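Undergrad: Structure below; questions to follow.
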Amino acid sequence: MAIRFLVCSNPANLVAALEGKRTATVEAEYGDVVVEGSVLTLAHHGSRSANPAPCLADNGVGGEGIEAVGLSHIDLDALGGCAAILGRKPEADGFWALAAFVDVNGPHKIGRSGASAEDIRRLEAYWAWSESRKVFPPRDGSSLDVTDKVMEGIEAVERIVADDEALLTAGDDFVKKGDELNKLSFIEAKGGVIVRVCGGFSNHLYVTPNGEVGCAVVALRTDFHACTVSLADPISGVSCRDIVQSLWGSEAGGHPGIAGGPRNALMGLDELLKLRDATVAAVAGK
């Protein structure tokens, strides 16, 4: 029996969808809440941050007989975990180490990862490929079978790690658009906090178009209707996870260095301004 992959923005509904099956979960994390698999749980956010990233799991993890895998979202880290469960994770230790580093520390820290130029280019190729292929859990909290999307993602990673030139070149073009994104997404800088709004990820842009360096970015993704806060570097006494949970409760979450609102919430400019003000207050005097 082929393994099915289910994504869901509501932890209780994911539990119900997985009930009665031999299951694994990969990053099925909702702030402080985690949905456990009956066989395997790959989770590393919040109170589980000491665990390795799912993409670092060995091929064949969980053994045979898993019928379904539950996820809260699909990104490269989650795809690596899914591929490992299937026994299809490409053997590319440097690439997966970089993926894990970026998942925890944020894309803006990529220069401190120690990764090779080759693996950085591969990661940028994945970012370019995935930009137009985002998979969203249903907003009504129901579960969605995304088996075909997981397989498509794994196949793309296999091609990238094998240095598919078309995908690598697309990644090069993606990077060149970074300067344009910096200009288009920038709203303001206040108290060391850079505010951005755009239809893509912008939390890695800690320098304004005029060269001012910020210590944090708060951003609204209009394609996801999601707000995220991130720190350029650790700040003693400041946790992005604590900031978002102070505003939106325990289902908001992430890491001390980068965190966002609840996965099933629709967020807009009002939430962005609340996040801006809370972040400015948190970093003031630090």
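The values are calculated or read from the model by the stated rules, or taken from the named source; none is laboratory data. Owing to the predicted nature of the structure, the values given are computational and were not obtained by experimental measurement. Here Cβ is always computed from backbone atoms with ideal geometry, including for glycine, and neighbour counts include all displayed protein chains. The area values use the complete protein model at the heavy-atom level, side chains included, leaving out ligands, DNA and RNA. Shrake-Rupley method; radii C 1.70, N 1.55, O 1.52, S 1.80 Å.
Rundown of residues vs (1) surrounded by fewer than 17 Cβ atoms within 10 Å (Cβ to Cβ); (2) polar (S, T, N, Q), yes/no style:
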| position | (1), (2) |
| --- | --- |
| Thr169 | yes, yes |
| Lys176 | yes, no |
| Arg196 | no, no |
| Tyr206 | no, no |
| Pro209 | yes, no |
| His225 | yes, no |
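Undergrad: If a residue must be in contact (Cβ under 8 Å) with a residue 24 or more places away in the chain and surrounded by 15 or more Cβ atoms within 10 Å (Cβ to Cβ), how many such residues does segment 266-278 contain?
TA: Going through segment 266-278 one residue at a time, the tally reaches 7.
Undergrad: Are there any pairs with C-beta distances below 6 angstrom linking a residue in segment 239-257 that is acidic (Asp, Glu) to a residue that is modelled with pLDDT under 95 and surrounded by 16 or more Cβ atoms within 10 Å (Cβ to Cβ), with the two at least 6 apart or on different chains, and if so which?
TA: Hits for this filter: Glu251/Tyr30; Glu251/Gly31; Glu251/Pro262.
Undergrad: Residue under question is His73, and the condition is that it be open to solvent by less than 10 Å² (accessible area, probe 1.4 Å) and either part of a loop (DSSP other than H, G, I, E, B) or on the phi > 0 side of the Ramachandran plot (or both); does it hold?
TA: Spelling it out, it is not the case that His73 is open to solvent by less than 10 Å² (accessible area, probe 1.4 Å) and either part of a loop (DSSP other than H, G, I, E, B) or on the phi > 0 side of the Ramachandran plot (or both).
Undergrad: Let me ask something additional. Going by what's in this entry, would Val229 be described as under 26 Å from Trp129 (Cα atoms), of a type in the set (A, V, I, L, M, F, W, C), in contact with a helix residue (DSSP H, G or I) (Cβ under 8 Å, 6 or more places away or on another chain) and assigned to a strand (DSSP E or B)?
TA: So Val229 passes the test.
Undergrad: For segment 1-40, which positions are surrounded by fewer than 17 Cβ atoms within 10 Å (Cβ to Cβ) and small (Gly, Ala, Ser)?
TA: Those that are surrounded by fewer than 17 Cβ atoms within 10 Å (Cβ to Cβ) and small (Gly, Ala, Ser): Ala2, Ala12, Ala16, Gly20, Ser38.
Undergrad: Same structure again: Considering segment 231-286 alone, what residues qualify as being farther than 26 Å from Gly141 by Cβ, of a type in the set (Gly, Ala, Ser) and within 18 Å of the chain's Cα centre (by Cα)?
TA: Scanning segment 231-286 gives Ala232, Ser239, Gly257.
Undergrad: Right, here's the next one. Among the residues of segment 121-177, which ones are in a loop (DSSP other than H, G, I, E, B), farther than 26 Å from Ala226 by Cα and of a type outside the set (A, V, I, L, M)?
TA: Selection gives Asp163, Asp164.
Undergrad: Looking at Arg241, Arg263, Arg159, which is the one that is open to solvent by less than 60 Å² (accessible area, probe 1.4 Å) and charged (D, E, K, R)?
TA: None of the other options fit; the residue is Arg241.
Undergrad: Oh, and also: If the Cβ limit is 7 Å and pairs must be 6+ apart or interchain, which residue in segment 118-146 that is more than 20 Å from Arg221 (Cβ to Cβ) pairs with which residue that is open to solvent by 70 Å² or more (accessible area, probe 1.4 Å) and not hydroxyl-bearing (Ser, Thr, Tyr)?
TA: Qualifying pairs under 7 Å: Asp145/Arg4.
Undergrad: Would you confirm whether any residue within segment 211-222 is in contact (Cβ under 8 Å) with a residue 40 or more places away in the chain, assigned to a loop (DSSP other than H, G, I, E, B), open to solvent by 50 Å² or more (accessible area, probe 1.4 Å) and under 27 Å from Leu71 (Cα atoms)?
TA: For segment 211-222, residues in contact (Cβ under 8 Å) with a residue 40 or more places away in the chain, assigned to a loop (DSSP other than H, G, I, E, B), open to solvent by 50 Å² or more (accessible area, probe 1.4 Å) and under 27 Å from Leu71 (Cα atoms): absent.
Undergrad: Among the residues of segment 38-90, write down those that are among the charged types (D, E, K, R) and either within 21 Å of the chain's Cα centre (by Cα) or at pLDDT 95 or above (or both).
TA: Result: Arg48, Asp58, Glu67, Asp75, Asp77, Arg88, Lys89.
Undergrad: Hey, can you tell me all the residues within segment 41-50 that are among the hydroxyl-bearing types (Ser, Thr, Tyr) and either open to solvent by less than 10 Å² (accessible area, probe 1.4 Å) or farther than 20 Å from Trp248 by Cα (or both)?
TA: Thr41, Ser49
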